[in-house]
Amino acid sequence: RVQVESTNIVRLKIVAWLHLYFLHISRYLKMFTFVTLTFFVGTIFGQEKLTFESPKMTEEEQFSNHLPGNMKCDACTAISYQLTEMLKKEEAKVGHRKLKESDYLDAFEKVCEAKTWENYGLKSVNGVNRISGKGLEADQVPGMMQGGGKWPGRLSMKCYEFIEAIGEDGIYNKYRKNKDLNKFLCHEHTKDCRPVLKTDL
């Protein structure tokens, strides 16, 4: 458990030091797991007592090569976000015109590579383990994130599963229609983010 209680300036220094420290560790020791601390600094005149705990993982969350069922929505949301952002970026290079097939094939390959997911991990949010990273709710919540380990591989595998099941052409055509893949991937193609109804039980 990490507890911090100090003035705004001291807290800012702590944040800067911790980020430099973990960057040093990951760069020179090439750690496969890392912990990121996100601090809510508060107002200039206010003081806050901050208490963060590392997520307590189940055996499935820790050892399984596949995504735990309760995290499929977070995973799908992250993948749809990264695919959408990559396609936006690539289309911007050609004046927002339709991409050549070779260009969007390369874009999908880049997104699904494990290194895309190196900064994603697990964070405890209100006592519930959530995947945290760009495009996800948990990314904005102060707390400790445990990343590395199996998470890049799990998210990469899930990304490739979408490509294999739908096809690059199918995904890109859906993107061209809506400019956002979340609804299609997470609510229509899968039920990963749909509310569980009594009829589904």
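The values are calculated or read from the model by the stated rules, or taken from the named source; none is laboratory data. Remember, predicted model here, so these are calculated numbers, not experimental data. Cβ atoms come from the backbone with ideal geometry, glycine included; neighbour counts cover every protein chain shown.
For segment 104-137, the candidate set comprises residues that are small (Gly, Ala, Ser) and either more than 14 Å from the chain's Cα centre (by Cα) or at pLDDT below 95 (or both); within that set, the residue that is farthest from Tyr172 (Cα to Cα) is Gly127. The lone criterion from (1) among the charged types (D, E, K, R); (2) surrounded by 13 or more Cβ atoms within 10 Å (Cβ to Cβ); (3) at pLDDT 95 or above; (4) not in a helix (DSSP H, G or I) left unmet by Arg97 is number (2).
Going by the conditions given, is Glu113 out of contact with any strand residue (DSSP E or B) (no Cβ under 7 Å at 6 or more places or on another chain), closer than 24 Å to Met71 by Cα and not small (Gly, Ala, Ser)? The answer is yes for Glu113.
Okay, residues lined up against (1) touching a Ser or Thr at 6+ places or on another chain (Cβ under 9 Å); (2) within 19 Å of Asn65 (Cα to Cα); (3) surrounded by fewer than 18 Cβ atoms within 10 Å (Cβ to Cβ):
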position	(1), (2), (3)
Ile131	yes, yes, no
Leu136	yes, no, no
Asp139	yes, no, yes
Ser156	yes, yes, no
Tyr160	no, yes, yes
Gly167	no, no, yes
Cys186	yes, no, no
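Among the residues of this structure, Ala75 counts as one that is closer than 13 Å to Asn129 by Cα, modelled with pLDDT of 95 or more and buried (at least 18 other Cβ atoms within 10 Å of the Cβ).
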